[in-house]
Structures are given as structure tokens and as C-alpha cells.
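Worksheet for the structure shown next.
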DNA sequence: TCTAGCACTCCCGCCCGGCGAGTGCCAACC
DNA sequence: GGTTGGCACTCGCCGGGCGGGAGTGCTAGA
């Protein structure tokens, strides 16, 4: 809500920004003297006190107890984040370091996994990456390979270069011609379709021929369905979960346990990371978070994609007292790099 | 060291066993009165005190402070574990629950992942499973599938039903005949070989023909090499990492952080789980653990395999104050189930 | 409208004493 | 001689009281 940003006169604004900054750095409640020691605000401590008192009643700050310094509330952080107009620049070293990680081409899985580690190391928080969603990829090619032991490997290629494969049991009595026939007709029909939008309706539209073929097609569709099911099988990669414990802000073990428990439930993380749309970095602060377990931390996410399509997302989980500027730029930069890689794949 | 077990007279033995049991249950140092309250040892508290004092000097017990009850030392736990001759029986419900999990056939990855979850839930500790090691599987069949975009999918089937696949870039100017030719000769040469033992020597033994073929074969070998590299790419699956935090024994955050950090380094966990040989469950207690980070906990592991071969291992990480009996039977039972599944696959 | 001064509040760390669990020892007992 | 009851002693834990210090809110004056 950038409009909120307008509501504060310049001095309050400056004081609030300085205070949030100090608090993020130190983790200690910030008093009027401490604030002046680090920032030249051109006024006396008493004035600061008056202003912080007002910021308090406005809901931007709060006091741990009556005679302590001030600490930002969620609203205070929100103001701070909204006021960070241009993203903090990444250090050259850091940017280069990240870029290099994406230089050597890898398969999708390693890429994503590496991203998780990279982001967690760059931020010292916990990174979550939602792996490319097959549901949003476009069908390109299906190959059927007979394996030993009456099994069949189906290999699905998509336009973003992802390759999905399943082993399925082969219905009995199918000849090699059946296989090539089925694969030819499936390829014709499915080319260009978005995987998430395949429905069993297609099965009927195929005049399959023998019941054996029909049952094969049906099995394949089941497998395709699983591959393309929205939200279902999307893999999530985590990095730096141990970092959670290094945060002095998470002194409360119960909170940490809930957090780790949340991260373990893959479908929850996956659902969470499904939210970001293409566009700028998104930030959820404290209670703004959709999940109970996360309401004592902050979340920074950005989508990555291939071309125009959103394919997944990168997220960072940290304390509300997070280095927002830095984290936002890392997340933004990394998701950009990922997008580049996938988009390049697509053109091949 | 079961010989240690012989060194104690029956009464000391009984007292030690009872005390370890009580401590595992309560987590509180056990005093002479508390011990008698739960176990009918037929002697007075004073006698217990004399005995525990001796057990203390023998190194089986220790005191948190002078006027507290006794707590088992690593040696005490070791004695206890060695004395658990026959594994605690699993509850019927639990055994059935585990068995059912292995009823419906799944692909290897899901199977292992599910095992990790299963074990962590059954024990309430943290489970680690080392996924089947391709290096130890036997080559069965290699298929080459041309993909869109000048890429090639190689599909490797093994005797234990595992299917490994890699996408590789296709050297230019190869015809379909080249592909079938290369795949035929590779299949002939490699059938029955153990993947971990493939060496580049084989490449030379093939009179490949064109340089294109030669370079293809070389690329394939690289990929096979990666698949079969000992210890390198072995995947580790974790379950219940959040459970670590639920253990009151891990009050010290630093210890927990080290532990989580260790679990994040996949190669370490993989190396750790490579230790167990086929055979009974293995237990490492406290300082017996090979890794510094684990020396404040205990580890229970068992190998699983296919036929005679060891393919991987299941492990549980918990506090030294662990419910050894129960954990050992779960680990043993689960690794048995896994072995059954893989062995069955092998016969297909 | 800002500032200087001041009384007040509340956290934190500290010490202290009482309580209770549990031990170690000793003398008596079988 | 091994076992037992008795008893003094040790030590961690808990609650209360106390001083120091950081920081505030208020008020009066510039």
C-alpha cells in the first residue's frame, strides 16, 4: 500500500526509515539516543521521542515494554519495504558469483537444486524454489520405449526443454506396431497442448483400434495426467534450512519447530510458491503471511518463467527483521537468471 | 562388545538395565528411590546406592551433579543395547501399517522417499534413507531415444528394476543407423556388468567405426560413469527433520544447528549411510559416531539390498536417550521390506 | 514548534535463603 | 560379609528483593 507511504510527513518518514534500518542491523530496540548516534537527523532526542511516540500510536512502531526503545511493527516494515523504490544493488562480486552459477548448462533438476543452495548462501536465510511446473509446459514430443520385463518407458519432452519420464506396465499382447501407432497418433493430437489442460476427453477422440491399444492409451493418459496435474507433483527444493536456527530472532523453539514442520510438508510449500505472478518481487511480512506457521517471519518471493509463462518461483524465508533490500535484490536477480536460462532452452 | 556384558554380576546388570529403561522413558536422572518405585529389585535403596556408585566408577553411569540421580553414559547405553538380544516386537498395528506401505508398487524414488517419511513417523525421530546405488546394480539394457532439439535420451535399465535416464547433447551428423548400431554394440558388451565397474577401457575395445560414433560412445560413457560413480550421486532422502526440535534432549541450539547443517550436506549423509554391511542393525551411540556433529546423538542403521547385494541403507538419528528397542525393530523391519521389494523386482 | 531537564517505569542481572531430591557414609543387623 | 536403616550433607531450583541502567513521557521554557 504505497499510499500509506504518502501519509507520513518527511521527518516521520526519515525517522521511521532510519529506525527500521537500525533495528534490522542490530536486533535491539532502538532508542532516541541510539538513533541519533547513527543518523544525522538534525533534531534533538526529545523531538525524536515525540515523533516515535506518534509513530507508535499510528501503528508503525511498538514497544516491547514501557521503558524500552522502539521496534518496527509489521506495518512499519511494510512502509519500509514499500519505500525501497529501487532495489539495492548487488555487490559486483555477488552478482558475478550468481551469474557464473548459471553459466554452465545443467538439467532442470540440478539447476533448481543449485538455485536453492545459491539463494540460501547469498542471503543466509532459508531458500525455497518451486521447480518448473510441467503443467504449464507445452507438449512437444512423446516417445515410447519398451523396457525389459514387460514395461514401458514413456518420455515426454516439453518446449522448455524439460523431460519427464514414467515407467508403466505394458498391457499384454501389444506388438511394436501397436506402440508406434499409438505414439504416432498421440503425438499428432497432443502437439502444442499445454500439459495441464489435457483431459480424458482426448482419449475418446482417438479411434484407437484394438482394446489393447485403447488400454495403453488410457494408461499413458493417466501418467500424463499425473505429470501435468496442477499443483500436485510440483517439486520443491529447499536450501539452508539450518539457517533458521542461526537467527537470534527465533529464540522460541516452538516457532522454529512449526516452521520446519511447515517446510517438510511439500504440498504446502508448493502451494505457497504458486502465488507469485510474473512481475516484481513480492514480500509478505509477519501476519500478512497466508499460513499460520509463517506469521512470525517474512517471505520474499518472485516468479520465474519461460517466455511469458510463469513456471515456478523462488522464495526466501527469514525473520521479520530481515535484510529486505538485499534479499529482494537477490531473489529478483536469481529469478531473472532462471527465466533467461529457461527461455533460452525454449528457443532451441 | 558383548564381552563387557559378562563382566557385570546379575544384580548390577538388572539395576543398570532398569535404570537405562527408566531414564529413556522419563529423561530425568534416576535416583535409588525412583528406581525401586518402578522395579521390584528385592533390595533396599541403600543397596541400590552402593551398586549405582560402583556402576558409576565402572563408567556405566554418571551424575549430572553430586546430589542428583544417575544417568547412563555412552558405555551404559552400549551395554543396554548389546543386552537387547531379541528385537522388541513391533505392535501388530505398526507392522501392518508398515507392510501396507510397501504393498502397492511404486517407482524407486517414491519408494525411498516414502520410506523416509514412514520411518520418521514410526519412530518420531529423524530418518535418513540412502537411495538404491546404481553403482551396484547390474546392467540390463540401454536404449537411446532421439529427442527434439538435437538431444538424446539414454535410458538405462538395471536388474533391480531401477531406471536411470540422462539427456545428452547429440554429436552432429549421426544417423538413426548410427544410433541403433551404437546401442546394439553397447548392449552386447555391457550386459551383466556391474555399473560401478565400468571403465573407459571398454570404449577402446569397441571398434566404433566413424568418429561420430566414437564421440557418441564416449559421451554415453561419461553419462554412464556419472550414473555408476561410487558414492557420488547417491541420493539421500530425509524425513522428520523437524522432529529433532521436539527432543527435549536437544535444548542446546548450537548442537541442533550443527546437526541440521550436517543433514544438509548430502554427501556426508550419503557417506555415513554407506557404512552398514548386510546383516543386523547397527547402532552408534554418542561418541561412537564417526562424525563430530553426531556425537551428541545416536544413530541406528541397517542396510537393505537386492538379493545378496547391499544397495543402500536406512538410518534413524535421535538423542542418545533413544528408544533403542523400538527404533531397532522399525529399522530392521523396514530394511527387510525394502529388500523384499527390490529382490522381487529383480526376478521379473 | 522545538528543546532541555527530570521524574518515573520497567527490564535485567544479582544475590540470597529455603526447599527437596538424592547421595554417601556409618553403624547395626542377619 | 553383604545388606539395611538412619542421618548429615550437597547441590540445583525457585522465588523474592534489590540496584543499575536505558529509555520514556511530561512539563516548562526558549
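The values are calculated or read from the model by the stated rules, or taken from the named source; none is laboratory data. The structure displayed is predicted, hence computed values, not measured ones. For neighbour counting, all protein chains shown are included, and Cβ atoms are generated from backbone atoms with ideal geometry for every residue, glycine included.
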Would segment B:13-25 turn up any residue that is away from DNA strand C (no atom under 13 Å from the Cβ), in contact (Cβ under 8 Å) with a residue 60 or more places away in the chain and farther than 20 Å from residue B:326 by Cα?
yes
Checking residue A:228 against (1) within 14 Å of chain B (Cβ to nearest Cβ); (2) crowded, with 16+ Cβ neighbours inside 10 Å; (3) modelled with pLDDT under 85, which single condition isn't satisfied?
(1)
Condition met for residue A:159 (surrounded by fewer than 20 Cβ atoms within 10 Å (Cβ to Cβ) and either away from chain B (no Cβ under 11 Å) or touching a residue at least 24 places away in the same chain (Cβ under 8 Å) (or both))
no
Unmet requirement for residue A:194, which otherwise passes all of (1) modelled with pLDDT of 85 or more; (2) surrounded by 21 or more Cβ atoms within 10 Å (Cβ to Cβ); (3) more than 14 Å from chain B (Cβ to nearest Cβ); (4) in contact with a strand residue (DSSP E or B) (Cβ under 7 Å, 6 or more places away or on another chain)
(2)
Could you grab the pairs with beta carbons closer than 8 Å, sequence gap of 6+ or different chains, first residue in segment A:103-120 and within 11 Å of another protein chain (Cβ to nearest Cβ), second one in a helix (DSSP H, G or I)?
A:105/A:341; A:106/A:114; A:120/A:243
Whether any residue in segment A:300-311 is under 30 Å from residue B:254 (Cα atoms) and not assigned by TED's automatic domain parsing to the domain that holds residue A:21 is what I want to check.
yes
Selection status of residue A:270, within 30 Å of residue A:222 (Cβ to Cβ), more than 14 Å from chain B (Cβ to nearest Cβ) and modelled with pLDDT of 90 or more
yes
Evaluate segment A:284-294: report whether one residue or more is more than 14 Å from every other protein chain (Cβ to nearest Cβ), without any contact (Cβ under 8 Å) to a residue 12 or more places away in the chain and touching a strand residue (DSSP E or B) at 6+ places or on another chain (Cβ under 9 Å).
yes
If we keep just the residues of segment B:140-156 that are under 22 Å from residue B:110 (Cα atoms) and more than 9 Å from every other protein chain (Cβ to nearest Cβ), which is surrounded by the most Cβ atoms within 10 Å (Cβ to Cβ)?
B:156
Would you mention how many residues in segment A:86-133 are assigned to a helix (DSSP H, G or I) and under 16 Å from the mean Cα position of the chain (by Cα)?
15
I need every pair where a residue in segment B:67-80 that is assigned to a loop (DSSP other than H, G, I, E, B) has its Cβ under 6 Å from the Cβ of a residue that is within 14 Å of DNA strand D (Cβ to nearest atom), sequence separation at least 6 or different chains.
B:68/B:29; B:69/B:29; B:69/B:31; B:73/B:62
Quick one: how many residues across segment B:46-68 are away from DNA strand D (no atom under 11 Å from the Cβ) and crowded, with 20+ Cβ neighbours inside 10 Å?
4
Run down A:111, A:118 and say which single residue is at pLDDT below 90 and assigned by TED's automatic domain parsing to the domain that holds residue A:241.
A:111
Which fully enclosed helices (runs of 4 or more DSSP H) of segment B:239-337 have 3 or more residues being more than 28 Å from residue B:22 (Cα to Cα)?
B:253-264, B:266-273
Could you list all residues from segment B:29-44 that are near DNA strand C (Cβ under 9 Å from one of its atoms) and surrounded by 13 or more Cβ atoms within 10 Å (Cβ to Cβ)?
B:29, B:30, B:31, B:32, B:34, B:35
Within segment A:134-187, tally of residues that are part of a helix (DSSP H, G or I) and under 26 Å from residue A:266 (Cα atoms)
3
Reported set for segment A:64-76 where residues are modelled with pLDDT of 95 or more and within 16 Å of DNA strand C (Cβ to nearest atom) is A:70, A:71
Selection within segment B:231-265 - within 21 Å of residue B:111 (Cβ to Cβ), at pLDDT below 90 and within 11 Å of chain A (Cβ to nearest Cβ)
B:233, B:235
